[in-house]
Amino acid sequence: MQILTREEALKKRAELIELGYTSVSGLMEPGLLAELRIWSDDVFQRLPVDPKLRYQGSDLHVYTERKWEQMEAAADERRFPDPIVAKVIDQPRQMAVCRELGLEDLTAHDVIILLSKPAFGPPLYWHQDYMNWNSPASATPWPTVIFLSYYMTDTTRANGCLRVIPGSHRRRLDLHDSIPDAHGPEIQSIDDRGNHPAFANRDDAVDLPLKAGDLVIADARLMHGAWPNQTDRRRTLVLAWHSVFPFPRPPSWWADEIPDVVAEADPAAAYEGTRTPGAFLE
């Protein structure tokens, strides 16, 4: 199965490396997209928006059955297994695109995250999701953690499309030192959005309006957010995290320089996880 030409694949790989993100139009099969829409609508009709997550809208973690068995966890309203997760993660067309981009050793975390912006919901603040800023892995020119995501409906600025800051996965911004932890209570408690940098309308940001079923591939270090949903319909995102290019080994196709801090890193060393960028982000 071939989805992209070699020229298209190289272009999109370059975008992922240089910008921190890329997209592939119409990747999800219509049948799976329709199934996901019905399933996610049913989930959100049963579960209210958690007031602690007012800016995300909803943040539900749904696991593959194989992962759930390993976790030995008790299901609740916001964490549970479902067979549909494996269908999303194991899509043949998605796997083909990842191979064509040269995303070697791609390993799914066996969970999807459902993020649903309710009708007339607020914007999503600027944030990045990377958790290993103390490690020299955060200095790699290539990604080591990525998300693959799909919207269930077409997105525009009106219903809260994705916003990104190109290159922010490798370049330090004022935002890195001025916004609270993306998943902590402080950022959820912000009321004065007009005067907080986490909600600023920035000149270096770009909108990514997408069609339902388009694939977005992004580096976990990328600074991103979303516009408010100003419509009377829910806007739902399905996202799955993956590891790629086990640190410190570079991609087999890498031909550029490798930073000394990466080349000389001890692969056996352990580093305390943190969501706050440190000295490795310049």
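The values are calculated or read from the model by the stated rules, or taken from the named source; none is laboratory data. Predicted model, so just to flag it, every value in this text is computed and none were measured. Neighbour counts run over all protein chains shown; Cβ positions are idealised from the backbone, glycine included.
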Among the residues of the range 16-57, count how many are part of a helix (DSSP H, G or I), crowded, with 16+ Cβ neighbours inside 10 Å and touching a Pro at 6+ places or on another chain (Cβ under 9 Å). 3
Candidate set: the range 172-189, residues that are surrounded by fewer than 17 Cβ atoms within 10 Å (Cβ to Cβ) and of a type outside the set (S, T, N, Q); chosen: the one modelled with the highest pLDDT: 172
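Filter the range 28-85 down to the residues that are of a type in the set (A, V, I, L, M, F, W, C) and at pLDDT below 85 and list them by number.
Hits for the range 28-85 are 47, 49, 53, 73, 74, 75.
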What number of residues in the range 98-131 are within 17 Å of the chain's Cα centre (by Cα) and either assigned to a strand (DSSP E or B) or not aromatic (Phe, Trp, Tyr) (or both)? 22
Could you say whether any residue in the range 26-48 is among the polar types (S, T, N, Q), under 19 Å from residue 161 (Cα atoms) and out of contact with any Asp or Glu (no Cβ under 8 Å at 6 or more places or on another chain)? yes
So residue 147 clears everything in (1) surrounded by 16 or more Cβ atoms within 10 Å (Cβ to Cβ); (2) touching a Ser or Thr at 6+ places or on another chain (Cβ under 9 Å) except one condition, right? Which one? (2)
Report, ordered by the first and then the second residue, all pairs with beta carbons closer than 6 Å, sequence separation of six or more or different chains, a first member in the range 184-197 that is in a helix (DSSP H, G or I), and a second member that is among the small types (Gly, Ala, Ser) and surrounded by 10 or more Cβ atoms within 10 Å (Cβ to Cβ). 197/178
Cβ contacts < 6 Å: first residue closer than 10 Å to residue 102 by Cβ, restricted to the range 5-16; second residue part of a helix (DSSP H, G or I) and not aromatic (Phe, Trp, Tyr), any location; separation 6+ or different chain. Result? 9/100
Filter the range 41-93 for residues that are among the basic types (Lys, Arg) and closer than 27 Å to residue 125 by Cα and give the result. 46, 52, 54, 78, 79
Restricting attention to the range 58-86, which residues are farther than 21 Å from residue 235 by Cα and assigned to a helix (DSSP H, G or I)? 65, 66, 67, 68, 69, 70, 71, 86
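Would you mention how many residues in the range 213-246 are assigned to a loop (DSSP other than H, G, I, E, B), crowded, with 20+ Cβ neighbours inside 10 Å and either aromatic (Phe, Trp, Tyr) or at pLDDT 95 or above (or both)?
Matching residues across the range 213-246 total 8.
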Residues of the range 88-105 being closer than 21 Å to residue 26 by Cβ and crowded, with 17+ Cβ neighbours inside 10 Å, which ones? 88, 89, 91, 94, 97, 98, 100, 101, 103
